[in-house]
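The values are calculated or read from the model by the stated rules, or taken from the named source; none is laboratory data. Please read these numbers as outputs of a predicted model, since none were measured by experiment. Backbone-built Cβ (ideal geometry, glycine too); neighbour counts: all protein chains shown. Side chains are part of the model used for accessible areas, which takes the heavy atoms of the whole protein and leaves out ligands, DNA and RNA. Shrake-Rupley method; radii C 1.70, N 1.55, O 1.52, S 1.80 Å.
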Amino acid sequence: MTRTLVLVFLFLLFAAGPVPADGYKGPVELIPSSDSQSLYVLNRDAREIAIVSIGEQKVTRTIALPLVPNSMVLAPDGKTLYVGAGDYQGKILIVDVGAGKVSGEIPSGHTPCGLVVSPDGKTVYACLRFDTCVAQYDVSTRKEQRRFSALHEPINSVITKDGTKIYVANFLPHDPSDGADVAAEITAIDLTSGKSKNIRLPNGSSSMHGIFLSPDGKYVYTTAILARYQLPTSQLERGWMNTNGFSIIDAAKSEFVNTVLLDDVDLGAANPWPIASSPDGKRVYVGLAGTHELCIVEMDKALEKLASLPKDEAQAKATGANVSKTAENVPQDLAFLVGMKKRVRLNGKGPRSLAVVGTKVYIGMYFDDTIVVVDTKSRRTKAKEFVALGPKPVMTPERLGELHWHDATLCFQYWQSCASCHPDARTDALNWDLLNDGIGNPKNAKSMLFSMKTHPAMWHGVRETGQYVIRTGFKFILFAVRPENEYKEIEAYLSAMKPLPSPRLVNGKLSESAQRGKKLFESERLACTKCHMGEYLTDMKMHDVGSRASYDQMDNFVTPTLREVWRTSPYMHDGRYINMKDVFKEGCHGDVFGDVANLNDKELDDLVEYILSL
C-alpha cells in the first residue's frame, strides 16, 4: 500500500511538472481571426495550430497537423487556413477552422512557405523555398496552375490589395560573393502578365525574414541584416560587422525607397525577423529575434524625414544641404531613427512571429512557447506574458545550443549572433575576412552541417576541430567569452543537424541523369573520389586544386563536404560561381586529378545533376 501511494505521488509530481524534452511548441506565425476575438498560432515543433481566445487568454483548441508546418494564411472568408507544410514533396494543408481539422491537401514542392491568398479566395500562392519559385494553386481543383521564378530561397511574400502583384522576399543574395556588390533582392511578380522584376537591396543585405504590406497598400516593408562584409572582422563597435534594419519598397512602382537601421549607436538590434504595422500604418513593429525585443518605429515621421532628404551628395551641394545627410547615406546612419523608435524588452527568447489587434501587439516567443503582449497605447510600454501555449518546456542540450546560436545577447553590444552569418546554421552567401588566416583574403561563410565531424575546420584548416571553432568564434567574432557548458550545448545542436533531401531527387531517389553522373563521379577518368570520399564526401585533407584567387595567400584548401551542396551557392572558397556547372565549365575544377575539361555537355549536365542531388 505504501509503495502504491509513493508511485501515485511521483506520477502526480511529474505530471504537473515540465513537459518532456521533445514537447516543444515553437510558435512561428500568429494570425488574428476575422473577428479579432482569437489568435491562430502555428506551432512548428508541435505540428499544430493552437487557437487562443484573446478575451479568455487561454488556448481553447488545437488542430493537429500531419507534417511540420512552415507558414499559414487565413482565407478571406475567415473559415479556412492554408498551411504550407513539409520539406521535400511538401503540401498545402487545407484546415477547416470550424470543424477543427485538416479537410484536404494540395501536393506542393520543396518547403512551401510564405503563403498568400488572392482577395477572392480562389487562389493560393506559396514560396517553394528550395525549388526557387512561387507556385500558384487553384483552391477548387486543388491543383497547381503555374510557377514563377524567384532568385535564392524565396521565403516569404505579400499580395497587393487588388491581387495583381506579389512581392517575394528572397532570403539570400544571388550573386558571386567575391563581387563588389552582393545583396538579397525582392522579386515583384505581375500576376496579370506573368512578368517579374527584381528589386535590389543595399550591398550586404541578407537573411531577409519578414515582409509586410502597409495598410494603405503604398509600401512593402521587409526585414534583413545589412552586413559590412567588405571590412575585416576586427571589431564590433558601431555595427562594424553587421547592422540590422528593414527596407521600404514603393508598391505601386516596384522600386526601392530606402533601408533604415534599427540599431542604436552602441547597441545592436540583431536578427530582425517578423514585421507588421498598426492599423493606421503610422507605426511599424519589428521583432528582434536576436535581442528578444520589440522595436516600435514611428513610420509616419520616418517617411516624412526620408522625403525631406536630398537624394545624393550632388543634389545636396546643389541645394546647399548637408552632404552627409542624404537619402543614399541612410543605410549607414545608425542615428537616423533617433527619437522615432523605441525598443521594448520582451519576456522570453526568440520573437519570430507577431500579430496586431488594435493597439496591442502579440508576439510569439519561439523558445519559451509563450505569447507576450505589448499594449502600445499604455503610458509605459511594457511587455506582459499573455498566454502559455503549453507547460514550460525542458530544454535539451540540443535545444539550448539552438537558442545560444540565435542569441545575440551573448555578443558584445548585441550586434550579431552566430545565426547572423550562419542562418539555419548554413551560409549567408557572403564572403568574410576573418583574421585567423591573415587579413585581406575574404572567404565564403561555410555551412555548419557536419562541422562537428569533419576536421580540420575553416577553408585553410587553421582550426583543428569544429569544436574549437565555436570557442574561437565567440572570442574573436562575437567578442565574448561564455561558460563551457554553452559551447558544449552548441556542439550538441550542430551535431544533431540533418541534411534536407535535395530538390533534384525524383521520388526520393537519384534521377536517371544523376545516376549517370554518379558513375562519372566515381570513375577513374574524373577521379572525384580522390578527394570527395566516404560518408561526408570529403577526405578532410588540404589540396591545391588550382583555385587560388588574387586575394588568397595560400594555395591549399580543405576539401569541403558535398552533402547538401545544392543549398550552399555560391561555390568555391570565395563564392566566385553561382552555378555548379560553372565550377567545372569555367573553373575546370577537378582537372588537377581528373579529365573534367574534356567532358561533353551531356556528361557535364549529368555530373552536376548528381552533385546537386547529394
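When restricted to residues that are within 18 Å of Ala46 (Cα to Cα) and either aromatic (Phe, Trp, Tyr) or touching a Ser or Thr at 6+ places or on another chain (Cβ under 9 Å) (or both), segment 98-111 contains 1. When segment 473-505 is limited to residues that are under 20 Å from Thr409 (Cβ atoms) and of a type in the set (Ser, Thr, Tyr), the one that is surrounded by the fewest Cβ atoms within 10 Å (Cβ to Cβ) turns out to be Tyr487.
Scan segment 147-183 for residues that are acidic (Asp, Glu) and surrounded by fewer than 20 Cβ atoms within 10 Å (Cβ to Cβ) and the total you get is 2. Each residue in segment 563-603 was checked for being among the hydrophobic types (A, V, I, L, M, F, W, C) and buried (at least 17 other Cβ atoms within 10 Å of the Cβ), and 9 pass. Here Ser207, Ser140 are screened, and the one residue that is in contact with a helix residue (DSSP H, G or I) (Cβ under 7 Å, 6 or more places away or on another chain) and among the hydroxyl-bearing types (Ser, Thr, Tyr) is Ser207.
Of all residues in segment 403-415, those that are in contact (Cβ under 8 Å) with a residue 40 or more places away in the chain and farther than 16 Å from Pro272 by Cα have Cβ atoms under 7 Å from Cβ atoms of residues that are open to solvent by 10 Å² or more (accessible area, probe 1.4 Å) and of a type in the set (Asp, Glu), 6 or more apart or on another chain, in His404/Glu486; His404/Glu489. Scanning segment 54-78 for residues that are more than 18 Å from Ala99 (Cβ to Cβ), small (Gly, Ala, Ser) and either open to solvent by 30 Å² or more (accessible area, probe 1.4 Å) or without any contact (Cβ under 8 Å) to a residue 40 or more places away in the chain (or both) gives a single hit, Gly55. Tell me, please, whether a residue that is in a loop (DSSP other than H, G, I, E, B), open to solvent by 10 Å² or more (accessible area, probe 1.4 Å) and in contact with a Ser or Thr (Cβ under 8 Å, 6 or more places away or on another chain) can be found in segment 429-438. Within segment 429-438, one or more residues are in a loop (DSSP other than H, G, I, E, B), open to solvent by 10 Å² or more (accessible area, probe 1.4 Å) and in contact with a Ser or Thr (Cβ under 8 Å, 6 or more places away or on another chain). Taking segment 458-515 as the range and being more than 24 Å from Asp87 (Cβ to Cβ), out of contact with any helix residue (DSSP H, G or I) (no Cβ under 6 Å at 6 or more places or on another chain) and part of a helix (DSSP H, G or I) as the test, the residues that pass are Gly466, Tyr468, Val469, Thr472, Gly473, Phe474, Lys475, Phe476, Glu484, Asn485, Lys488. Taking the numbered list (1) outside any helix (DSSP H, G or I); (2) over 24 Å from Glu153 (Cβ atoms); (3) touching a residue at least 12 places away in the same chain (Cβ under 8 Å) in turn, Asn598 passes all entries but (3).
Count of segment 201-227 residues, restricted to those that are within 18 Å of Leu172 (Cα to Cα), in a loop (DSSP other than H, G, I, E, B) and without any contact (Cβ under 8 Å) to a residue 60 or more places away in the chain, is 3.
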